[in-house]
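Okay, so here's the structure we're looking at.
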Amino acid sequence: MTFRAIGLAGLTLAVALPVAAQQSEYGAAIDAERLQGADSENESWLSYGRTYDEQRYSPLDQINRDTVSELGLSWYADMTTSRGQESTPVVVDGALYITTAWSLVHAFDVRSGERLWTYDPQVDRGKGRDACCDVVNRGVAAWDGKIFVGTLDGRLVALDSASGDVEWEVATVDASLPYTITGAPRVVKGKVLIGNGGAEYGVRGFVTAYDAETGEQAWRFYTVPGNPADGYESDVMTAAADTWTGAWWNLGGGGTVWDAMAYDPELDLLYIGVGNGSPWNQALRSPGGGDNLFLSSIVALDPDDGSYRWHYQTTPGETWDYTATQHIMLADLEIEGDIRRVVMQAPKNGFFYVLDAEDGELISANNYTPVNWATHIDLQTGRPVEVADARYEKSNNPAIVLPGPLGGHNWYPMAFSQDTGLVYIPVTENFMGYVADGEFVTDPDGWNTGVDFGRGFQLVMSQPEIPSNASLLKAWNPVTQEEVWRVQHPIGEGNAGVLATAGGLVFQGTRSGEFVAYNDETGEALWTDYVQAGVMAAPATFTVDGEQHIALLVGSPALPKAGPGAAEPTTVASRNNSRLLIYRAGGDAMLPSNPITTSVEGDFEIPQIEASNELLSQGETAYNRNCSVCHGPMGISLRADTYPDLRLSRRIATQNSWAAVVLEGELSDAGMVSFDSELSDSDAEAIRTYIINQANLTLQ
């Protein structure tokens, strides 16, 4: 049989990095007073979520339901990486700061669009092996003339806001372990706060505060207990250890703080979101059960010393990759006649939580998306009422569970409108077949989930009816815990961050190449622009010389291929058209219209190969442990628009061509890093053999 081969040609880029002549204009003169008063600075977007409460709501209303049709592109700038882009711009003192994949930082003059400087931390591309979900970065923090970025390889770097020069940098993690940083730092009371990722690889989570002036560590809070033989860091960790069993520390434990944070200046509380267990399968990391604190929890800390104040655990004893690292926001809600200061979160597990911000008391909870692992949240105990059969690990009982590990809501920031009182949530309906890995062996260089993805996929495919996947924008009433309206996006697995404004609008991009403004009361689409790229990041808005602008970084792992937003590469800078787009009323800039060929396609015959059962088994095992997370179980890509279906790659035709990518890193710049430290030559060849066999079995 003949199929269309999929390949990518490499690009060599030479990018000039000019420095502005008048650097003093870009002082980023941020202090505590400005951050606490950020809501009144119309010309700025001072931090990742705009304000400390992370509502992503702007009081600007020049662009409103009546005028949004006048929006046009003011200027744009091409980015230089072809991976996913997740950063929200920070705008302060005449400059706009954005991060891109591989932890690059770009600074622009917000009026002219002139690129002021670019900082490249020179992250070893091999570090991509430790990044479970792409080599992304979500943004910077600004303070007292400095711009802070966390790098994929675990550094925290302070840059001069005007020149991009490094003022200091510090290693925040043990570089010998597979930690990563993809989240945006926050600055609270002169301390830079940063967490990390890596729970799938067997690490122990923590969040650290550093002095913003010197980089000296101020405090560190661990989210799970370590080895008892080393002694616990605090009484809190001693108490947390009572909720674990076995020798969890040998498996890391997990609990990485890889995204959400918020701060309440009046209560003087810092809120962090804690991630999943390592491994996912609780029976392996804590065989006697237990809540496993502080996995999947919102934890409130004293920002001065990092001491524990309270916590609420969304998924006790989590076993499904149900992180609580999703967007945390603060708000004042009228509940039963009283104004309550609350914390709100829609974590992966599918339930929307409203907590008292001062003490963590559960006020209400309801599922915002279909779930089958629990029936409801008991408001008396604060605990989920679980469906016993959903715990696949207890009796090796396979289960199809929803939400799956993508979560009902993932990292995509939601927004809260102070006008409608609604929360706008990027929702993903998804599921997964969970099957315990009966041959689990700790891999210091690979994924450690304790879940057999291949058998899980087979379980799903054996069902007469399979649940549907969907990506939606939902308006949610946090007081009544009810859905108000929804918009279903055309592509299932993927979503984008949200912005709400006083103009009666909600802005969100889509993976299908659109940037859309919705009526915040009804969900009606009022304006759409086609941006030549998939969108994941959240927009920001601010004024320039009194005129409202909206900024959006576009670029998802693959270009949209269907519908009116379908696009081809139009820039040599990136294959996925990664760009910063700036809009204003009357903007008349135009994106390039001529496609640039960066792909190599052609017909090829699926190779025929003879292989022993032993070789195929070796290939299947090596594939499942190293490749299936991205390229799909059993060699069948579930996200071919993002990760190539290897059955259709002409690379499988010859051993040398295959090894050039898998072992030699020929496509490292495109994101497919070398696996020579994880795979032997025989393992790599066994995987190729397995893929060829799957191609012949499934594509004939």
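Just a few scattered comments:
- D (Stokes-Einstein, µm²/s), Kirkwood Cα radius, the stretch 513-597, 0.890 mPa s at 25 °C: 176 µm²/s
- The Cα atoms of the stretch 99-234 give a gyration tensor whose axes a ≥ b ≥ c have a/c of 1.5 or more with a/b no greater than b/c, which makes the shape oblate.
- Normalised contact order of the chain, rounded percent, pairs of Cα under 8 Å and 6 or more residues apart: 14 percent
- Extension gain from SER677 to ASN227, taking 0.36 nm per residue of separation minus the Cα-Cα distance: 159.2 nm
- Förster radius 30 Å - calculated FRET efficiency between ARG341 and ALA239, Cβ distance, rounded to 0.05: 0.70
- Counted by neighbouring Cβ atoms within 10 Å, the residues ILE687, ILE400, ILE466 run from fewest to most as ILE466, ILE400, ILE687.
- Exposure proxy order (Cβ contacts within 10 Å, fewest to most) of MET237, MET432: MET237, MET432
- The percentage of C-alpha pairs in the stretch 316-438 whose separation is greater than 22 Å is 38%.
- Distance between the stretch 51-99 and the stretch 435-462 - C-alpha centres, whole angstrom: 40 Å
- Computed over the stretch 609-698, the range of Cα coordinates on each principal axis works out to 35, 27, 22 Å, biggest value leading.
- On full extension, the segment bounded by GLU361 and GLN458 gains 30.8 nm, given 0.36 nm per residue less the C-alpha separation.
- Radius ratio Rg over Rh of the chain, counting only Cα atoms, Kirkwood formula for Rh: 0.94
- Within the shell of other residues whose beta carbon sits under 14 angstrom from the beta carbon of ARG455, the net charge comes to -4, with Lys and Arg scored +1 and Asp and Glu -1.
- With R₀ fixed at 51 Å, the C-beta to C-beta distance from GLU605 to ASP389 puts the FRET efficiency at about 0.65.
- A simple spin-label model places pseudo-atoms 7 Å from Cα toward Cβ; at GLU666 and THR528 they are separated by 4.0 nm.
- Spatially proximal lysines relative to LYS189 (Cα-Cα < 24 Å; intrachain offsets below 8 disregarded): LYS146
Here, each number is a calculation from the coordinates, and none is a lab measurement. Predicted model only: the values in this text are computed from it and were never measured. Cβ sites come from the backbone with ideal geometry, for glycine too, and all protein chains shown count toward neighbours.
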